[in-house]
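The values are calculated or read from the model by the stated rules, or taken from the named source; none is laboratory data. Since the model is a prediction, treat every value here as computed from it, not as a measurement. Because the Cβ atoms are built from the backbone with ideal geometry, glycine has one as well, and the counts that use them run over all protein chains shown. Just the protein is used for accessible areas: all its heavy atoms, side chains included, with ligands, DNA and RNA removed. Shrake-Rupley method; radii C 1.70, N 1.55, O 1.52, S 1.80 Å.
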Amino acid sequence: MPSSTWELWSCEYGMVAAITVDPRCFRGPPLGAALGGPPQSPCGIVLVVTSGDDDLRPGASSITGGLDALGAARGQLVGLALAPDGTAAGIAVAGRPPVSVIGPAATLVAEADEAVRPRWVMWSQATAAQLVASGTRVAVGWDNAAVHRLLFGEWRADLARTWARAHGLEPVATPEMGRLDLFGSARPDVPAHVAVGDDGHINPEWLAGAWSGSPQHLARWAELALEVAIRQIALLEAIEDRPAAPATARSESTAELLCAELAADGLPMDRTVAEQIVGDAVGPRPRDEADAERQRGERDGAVLRHAPPGTNYLLRNPGHVKALLLACGVDVADTRAWRLEALRERHPVVDDLLAWRKAERIATTFGYGWLDAHLGPDGRLRGEWTASDGAAGRMTASAGLHNMPVEMRPAVVAEAGHVLVRADLGQIEPRVLAAVSGDAALARAARTDDMYQPVAVDLGVDRATAKVAVLGAMYGQTTGHGAAALRRLDSAYPVAMEFLREAAAAGQVGRDIRTRGGRLVRLGPGDESALGEREARSRAAARGRYARNAAIQGAAAELFKMWAVTVRARAATFAARVVLCLHDELLVHAPAEHGDEVAVLLRDALEEAAHWWQPDGSVRFVADIAVVRRWSNAKG
């Protein structure tokens, strides 16, 4: 670093250590005068503000030096708060006064992450998103909101609720700042500069943004984030019979870092190909609403031409569709696609209806408007990502990224000089069932590439029937194809079946369950006093089916995210990045010359993640991996 000079002075925030540095180190306007310090100079100014007169040496002029001065070590929790404009950061280490560093926060965090590699404690993904937007990607983190969802099974994870739950308090309604009396405060009994009131709740003014009002407040906000994380760790360690819960929390938190990066990077997509796919399905881009209405009429007409004369059916009304099918001699219990698929030969209306549904979905959800809203001029499709859906814990995304129709996959294309490395976990849910239940017989089947083959032998049925039986057991299906084989599962794999029955029984009575990694899945029945006996039984049965599936899907999601964040960490070596996490599938964008190496990396990362998730190694996890230019070129 170029030469620097130091001096100390007092201001309203406490004792200030100031260093003037060469602009080549820190860009931006001088900040000393704004804080009541020395006059502005041609050089930038970096300040470290503390609550006392701690001895700060020149190394503390950056976050790296600050962490060194505070005694932070690799992997240690460090509270982090960023000023909204990115000109300052608060940092906190347990047992030491919090510190605020004035300067280009993202740059300073990047420097500290490289030198110290702490586990950054953030209130939510918003902090990671701010860093990513400024070009900084940290290695690991602790996301208070993500851990809150894991611990308490709640989707809502606002600051007030996260703080309250971690402290054993009931969340309280936070006043809306815009509705406060102009001459009063949100909490007359709590001074504006105080972060936490006597009742233990955070001052509403701080929740509304007062935490960023000064360097001192910023440091305190980082300290409060750290306090929440420490309490969350104690709660995780106290969960009975879930020793993996702290590790799950670390993985879930790092998955939120990945989500911030996915939202920023986007999915590479060729607009020309995408618009061609839309055009083939629904016609050219409509000139106006009248033209769009005409196109809708033409699509509808291809189905309604089968209707008897003088009738009028609305294809967007399920009841009307069922009546239309009946009028054509096709009597069905419902109009679900899987049921109609088996009836294509019954009447031409079925084939036309299924084709209409595909076109309608593209027209209304994945059409020209969708491309205009979410596909940027840089050829990247972007949406918001979160590491947990608030239920069993699956990653979710907006902008159609999680339910894009297969027909659109040819438009997902690697950029010039790059490839897509696609990896899809094979038979993940039955393998997870074998692991979480501890069924040795099922685990033996899961050591093979295709576990349904040995299951079929054990059940005395063909492979297709064995697959239906196993999936039916996890989804609570007891009738239909595979029902007889399903009953044989009890004798072949009694431990696994008992695990599923116990989960279902908990769900039926409204008792919450926890996944292998400690995620709370809420199953409370709510108020059913007004329900009849039949409806109450039906709801209880539905909760039971949900519980047995959530116990498996939730554990599978935990393994998947451990895999995803391991790939994220290892792929940087090859300048590759994860660009899509779709249920059990990863898509990595990599330089073409490293495609094969990244494919090997994906397989190795799965073995590494599986070892952490399942230390005894009793179950083998497999993935189908391919290096392609287009997503549609991959098998599956």
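Structure notes:
- Odd one out for Trp612, checked against (1) open to solvent by 20 Å² or more (accessible area, probe 1.4 Å); (2) assigned to a strand (DSSP E or B): (2)
- Some residue of segment 166-182 being under 19 Å from Leu82 (Cα atoms), open to solvent by less than 40 Å² (accessible area, probe 1.4 Å) and modelled with pLDDT of 95 or more: no
- Pairing residues of segment 207-234 that are farther than 21 Å from Gly168 by Cα with residues that are of a type in the set (Phe, Trp, Tyr) and surrounded by fewer than 23 Cβ atoms within 10 Å (Cβ to Cβ), at Cβ distances under 8 Å and at least 6 apart in sequence or on separate chains, gives Ser214/Tyr13; Pro215/Tyr13; Gln216/Tyr13.
- For segment 234-245, the criterion of being assigned to a helix (DSSP H, G or I) and surrounded by fewer than 16 Cβ atoms within 10 Å (Cβ to Cβ) is satisfied by at least one residue.
- Any hit, segment 458-469, residues being small (Gly, Ala, Ser) and open to solvent by 50 Å² or more (accessible area, probe 1.4 Å): yes
- Scope segment 208-222; condition over 24 Å from the mean Cα position of the chain (by Cα) and at pLDDT 95 or above; matching residues: Trp221
- Verdict on Leu324 being part of a helix (DSSP H, G or I) and closer than 29 Å to Ala547 by Cα: no
- If you go through segment 557-613 and keep only what is of a type in the set (Asp, Glu) and at pLDDT 95 or above, you end up with Glu558, Glu585, Glu593, Asp596, Glu597, Asp604, Glu607, Glu608.
- Filtering segment 430-443 to residues that are part of a helix (DSSP H, G or I), of a type outside the set (A, V, I, L, M) and either touching a strand residue (DSSP E or B) at 6+ places or on another chain (Cβ under 9 Å) or surrounded by fewer than 18 Cβ atoms within 10 Å (Cβ to Cβ) (or both) leaves only Arg431.
- Exactly one residue out of Val349, Val303 is farther than 22 Å from Asp280 by Cβ, of a type in the set (Val, Ile, Thr) and surrounded by 11 or more Cβ atoms within 10 Å (Cβ to Cβ), and it is Val349.
- Boolean, Leu559 is touching a Phe, Trp or Tyr at 6+ places or on another chain (Cβ under 7 Å) and in contact (Cβ under 8 Å) with a residue 24 or more places away in the chain: yes
- Sole residue being part of a helix (DSSP H, G or I) and either over 23 Å from the mean Cα position of the chain (by Cα) or of a type in the set (Val, Ile, Thr) (or both), chosen from Arg570, Arg603, Arg543: Arg543
- Selection of segment 489-526 for residues being touching a strand residue (DSSP E or B) at 6+ places or on another chain (Cβ under 7 Å) and β-branched (Val, Ile, Thr) yields Ile513, Thr515, Val521.
- The lone exception for Val578 - which of (1) buried (at least 16 other Cβ atoms within 10 Å of the Cβ); (2) closer than 19 Å to Ala434 by Cβ it fails: (2)
- Residue check for Ala274: touching a Cys at 6+ places or on another chain (Cβ under 9 Å) and either in a helix (DSSP H, G or I) or open to solvent by less than 30 Å² (accessible area, probe 1.4 Å) (or both): no
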